[in-house]
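A.B. asks: Take this structure, written in structure tokens, and hold onto it; I'll ask about it next.
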Amino acid sequence: MMKKIITALLLCVTLASAATAATLPKLRVGYVPEPAHGLYFVAKEKGYFKDEGVDVDLFQFGSAAEGLAALKAEKLDVGTFGTTAPLLFISKGSEFTFIGGMMIGGQAIITRPERLAELSGKDLKVYKGKKIGLVKLSTGDVIFKGALKKAGIDYKKDVTFVEFGTVAAVVEAVKKGAVDAGLTYPPHFSLAEKNHGLKVAHYIEEFYPDYTCCRIVAHTGKVNADPATYRKFLSALIRAYKFYKTNPDETVKIYTRALKIDEDIIRNETYVKRVAESNPDPLRKGILDFWQHIRDAGYISQDYPLDKHINTSIYKEALDGVIRKEPKDKVYQQMLAFYKKNN
Amino acid sequence: MMLIRRLLIFLTLGTLLCGTANAGQRSFQLRFGYLDDPGSAPVLLAAEHGYFKRERLSVTLVKFDSVDKGVAALAAGKIEAGAFPAGDVLRTIAGSGDLQIVAGGGTPMPGELLAELDRSAQSELRAREMVTVINSGKTAGTKETATRLVKALIRAHQQLQQHETKSLQSIKHHLSHQPLPGAYRFDPNPDYYRFAATWEDLGLQKPGMRRDHLNSHVYEEIYCDALDRALDEDPQNEVLQKLSSVAVCIPDCCPDAKKRKNKTSKGATP
């Protein structure tokens with residue numbers, strides 16, 4: 001008899017839980033498998049999405065182009081697919097809006113061990129006259145050129161860039177000595193160090209602090225029609241950010257389970273070398289700078305008024321809401337200061 | 001009995017697996033419309049020099065004496081692809097025609113210095129570029145077929161750049177006027193921004209039309225994939241490298257991106 005009562009109670013709890021999930025607004029979220037995109041997994045696993053009142057399904061994509069095509073076809077409601085790709089889509093007419101971010105920094109310059117001393121100086125001038133391998137229009141390409149320009153180096157004249165189709169090909173070219181150094185992103189430089197004995201000469205952030213990488217982008221129409229759901233989504237990511245900042249061990253395990261990447265590599269990139277920051281801030285100024293760097297590099301001649309595709313207010317409302325509940329929390333206060341500086 | 005059943009299952013599985021393995025090797029048939037215009041040279045070269053065949057495309061060239069007839073045939077599915085002037089193609093697209101631009105083509109060069117300086121003359125010349133279009137609703141195996149088609153055109157472009165005079169000579173029997181070297185600029189890249197400029201010049205964006213209407217009809221990703229394949233085969237080729245240096249393709253982002261490149265979705269993709 002007791003067994004039947006327990007079974008009935010469990011069934012009731014399950015049904016109630018299912019009913020709650022069914023009533024929550026749903027968001028289909030796309031991502032690419034990079035360690036710094038881990039806030040989604042933390043928010044999902046710790047129950048922050050449901051806690052904030054949004055039911056999230058996560059979908060992994062093998063490329064930014066596929067992900068954005070799904071977003072354009074309205075098979076997704078929101079997603080994170082680099083910075084270049086959404087900028088290109090928007091400049092070609094897609095009605096997308098940036099509402100947040102997922103990754104800041106993360107690009108590294110790798111070289112062969114015997115070239116490390118020569119290339120690891122504190123000044124970007126060490127790259128003058130050098131041949132650099134890169135994936136065209138990748139964040140590393142755009143930001144490294146931005147950093148060179150900021151440093152007063154005429155990279156079109158003083159640096160030779162060799163384009164490759166994939167970052168794996170860049171690593172191969174560095175290994176063979178076909179280029180002096182290569183621009184890579186996580187986890188490729190860690191894998192290049194581990195598997196091929198190559199060395200990181202610099203993280204680009206050393207020359208260009210807090211540069212924007214992968215942004216959260218959504219349909220403009222959907223964002224405008226239902227900002228409350230997107231606010232709840234961002235509130236969950238803000239809480240996930242706090243978890244990531246304060247619970248390294250558990251975060252590494254969550255990332256590892258979700259991405260099936262070597263746990264040591266994730267720990268090393270995320271907490272030891274801190275090569276990228278998983279931060280949900282929209283970084284409006286960074287997006288606009290990134291666009292300018294693409295144009296300065298000569299990839300796109302036409303300008304486009306991008307600012308109207310950046311919505312920082314939903315993130316700010318989400319942050320304010322989280323702070324209201326925990327006004328003295330140091331992580332949230334730091335996020336507020338960061339927001340004011342970068343948006 | 002059990003043995004016969006197992007054998008049948010084995011044979012069925014074997015047939016299925018062979019079928020799957022051969023999908024990438026499948027040959028496609030296409031009717032390709034063109035006009036008597038030197039701007040169509042890459043298409044004619046690809047047919048004449050076997051570049052379509054190398055991509056396992058069986059292409060039948062169909063000559064049209066007017067743009068209207070050619071575009072109408074494409075819209076009706078009487079041909080699967082065609083090379084027609086950009087201006088006419090864009091007007092058809094603006095009028096809700098279901099055409100997709102997959103490659104650029106030949107554009108007449110201005111004959112006089114004044115024409116180079118005149119914006120409207122430049123716009124007029126841009127509108128005469130012989131772009132390659134498909135009717136995706138009617139083309140079997142669309143993405144793979146289109147990628148092979150564009151790769152063949154890239155190969156033809158390569159030949160045109162390396163041996164222009166000889167190449168133009170070899171296709172003169174297709175055209176009533178012998179194309180002169182230097183009279184046309186050839187570019188297989190279906191650059192969205194180039195078409196957007198013509199779209200604007202022709203005043204084709206109407207009130208209420210989606211802002212991405214034109215972009216939904218320009219398949220740059222097919223060109224990027226085709227160029228990628230050509231570069232994989234011939235990485236040191238200078239013509240291909242030059243094309244790659246000016247193409248605006250979305251970069252690979254992910255671990256093992258190359259292996260995943262040709263898949264359209266993942267297991268968890270909606």
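A.B. asks: Residue by residue through A:34-42, how many Cβ atoms from other chains fall within 10 Å of the Cβ on average?
C.D. replies: The shielding value for this peptide is 0.
A.B. asks: Also, I was wondering about something else. If you average the C-alpha positions of segment A:168-200 and of segment A:89-123 separately, how far apart do those two centres end up, in angstrom?
C.D. replies: Between the Cα centre of segment A:168-200 and that of segment A:89-123, the gap is 15 Å.
A.B. asks: Given the options A:64, A:318, A:151, state which has the largest fluctuation in a GNM of chain A using a 10 Å cut-off (strictly under) for Cα springs.
C.D. replies: So, out of A:64, A:318, A:151, the one fluctuating most is A:151.
A.B. asks: Something else about it: Per residue, how much accessible surface does the protein assembly as shown expose to a 1.4 Å probe? Answer in Å², no decimals.
C.D. replies: Heavy-atom SASA per residue in the protein assembly as shown reads 45 Å².
A.B. asks: So in segment A:108-206, what percent of DSSP beta bridges are antiparallel if you round to the nearest 5?
C.D. replies: 50 percent
A.B. asks: Put +1 on the Cβ of every Lys and Arg and -1 on every Asp and Glu Cβ in chain A; which of A:110, A:170, A:58 then has its Cα farthest towards the positive end of the dipole?
C.D. replies: Farthest towards the positive end: A:58.
A.B. asks: Would you tell me the accessible area of residue A:326, worked out with a 1.4 angstrom probe on the heavy atoms of the protein chains, in Å² to the nearest 10?
C.D. replies: Roll a 1.4 Å probe over it and residue A:326 shows about 80 Å².
A.B. asks: Also, I was wondering about something else. So what's the gap between the Cα centers of segment A:215-282 and segment B:177-218, to the nearest angstrom?
C.D. replies: Value for the Cα centre distance between the two parts: 40 Å.
A.B. asks: Another question, if that's okay. For chain A, modelled as a GNM with alpha-carbon contacts under 10 angstrom, which of A:153, A:287, A:216 fluctuates the most?
C.D. replies: Evaluated over chain A, the most mobile residue of the options is A:153.
A.B. asks: Could you compute the net charge surrounding residue A:337? Neighbours are other residues with a C-beta less than 11 Å from the C-beta of residue A:337; K and R count +1, D and E count -1.
C.D. replies: Around residue A:337, the charge tally is +2.
A.B. asks: Residue separation times 0.36 nm, minus the C-alpha to C-alpha distance between residue B:165 and residue B:209: what's the value?
C.D. replies: Net length gain for the segment: 11.4 nm.
A.B. asks: Another question, if that's okay. Using a 1.4 angstrom probe on protein heavy atoms only, which residues from segment A:151-182 are buried by at least 50 Å² of accessible area when all chains are present rather than their own chain alone?
C.D. replies: Residues meeting the cut-off: A:166.
A.B. asks: Place the peptides B:174-185, B:94-105, A:81-92 in order of packing, highest mean first, counting for every residue the other Cβ atoms within 10 Å and averaging per peptide.
C.D. replies: Highest-to-lowest ranking by the protection proxy: A:81-92, B:94-105, B:174-185.
A.B. asks: For a distance above 36 Å, tell me the whole-number percent of Cα pairs in chain A that qualify.
C.D. replies: 22 percent
A.B. asks: Using a 1.4 Å probe and ignoring any ligands, DNA or RNA, find the accessible area of residue B:80 and quote it in Å² to the nearest 10.
C.D. replies: 20 Å²
A.B. asks: Considering Cα pairs under 8 angstrom that are at least six residues apart, work out the relative contact order of segment B:27-244 and quote it in whole percent.
C.D. replies: The value is 26 percent.
A.B. asks: At a Cα cut-off below 30 Å, give the lysines reachable from residue B:69, other chains included and same-chain residues fewer than 8 away excluded.
C.D. replies: Here the lysines satisfying the reach criterion relative to residue B:69 are B:53, B:78, B:138, B:143, B:151, B:172, B:206.
A.B. asks: Right, another one. In this model, which of A:122/A:260; A:125/A:285; A:222/A:316; A:273/A:308; A:92/A:194 are farther than 30 Å apart at the alpha-carbon?
C.D. replies: Over 30 Å apart, Cα to Cα: A:122/A:260; A:273/A:308; A:92/A:194.
A.B. asks: All other residues with a Cβ under 15 Å from the Cβ of residue A:219 taken together, and with Lys, Arg as +1 and Asp, Glu as -1, what is their net charge?
C.D. replies: Net of charged neighbours comes to +4.
A.B. asks: Now for a separate question. Using a 1.4 Å probe and ignoring any ligands, DNA or RNA, find the accessible area of residue B:65 and quote it in Å² to the nearest 10.
C.D. replies: Accessible area, nearest 10 Å²: 120 Å².
A.B. asks: A further question follows. With a 1.4 Å probe and every protein chain kept in, tell me what percent of the accessible surface of segment A:108-206 is carbon plus sulfur.
C.D. replies: 50 percent
A.B. asks: Which of rounded, prolate or oblate describes the protein assembly as shown when judged by the alpha-carbon gyration tensor and an a/c cut-off of 1.5?
C.D. replies: prolate
A.B. asks: For segment B:27-244, what does the alpha-carbon gyration tensor say about shape, rounded, prolate or oblate, given a ≥ b ≥ c as the root eigenvalues, a/c under 1.5 as rounded, and a/b over b/c as prolate?
C.D. replies: Rounded, because the longest to shortest axis ratio a/c is under 1.5.
A.B. asks: Which value, in debye to the nearest 20, describes the size of the charge dipole of the protein assembly as shown about its Cα centre when Lys and Arg Cβ atoms bear +1, Asp and Glu Cβ atoms bear -1, and nothing else is charged?
C.D. replies: The calculation lands at about 1720 debye.
A.B. asks: Moving on. Quick one: of the DSSP bridges fully inside segment B:27-244, what percent are antiparallel, nearest 5?
C.D. replies: Given both bridge residues lie in segment B:27-244, the antiparallel proportion sits at roughly 50 percent.
A.B. asks: In whole percent, what relative contact order does chain A give with Cα contacts below 8 Å and a gap of six or more residues?
C.D. replies: It comes to 25 percent, rounded to a whole number.
A.B. asks: On the accessible surface of segment A:242-324, probed at 1.4 Å, how many percent belong to carbon and sulfur atoms?
C.D. replies: 47 percent
A.B. asks: Using a 1.4 Å probe on protein heavy atoms only, how many Å² of accessible area do A and B hide from each other, summed over both chains and rounded to 100?
C.D. replies: 3000 Å²
The values are calculated or read from the model by the stated rules, or taken from the named source; none is laboratory data. The structure displayed is predicted, hence computed values, not measured ones. Using ideal geometry, Cβ is built from the backbone for each residue, glycine included, and neighbour counts are taken over all protein chains shown. What goes into the accessible areas is simple: the full protein's heavy atoms, side chains included, and nothing from ligands, DNA or RNA. Shrake-Rupley method; radii C 1.70, N 1.55, O 1.52, S 1.80 Å.
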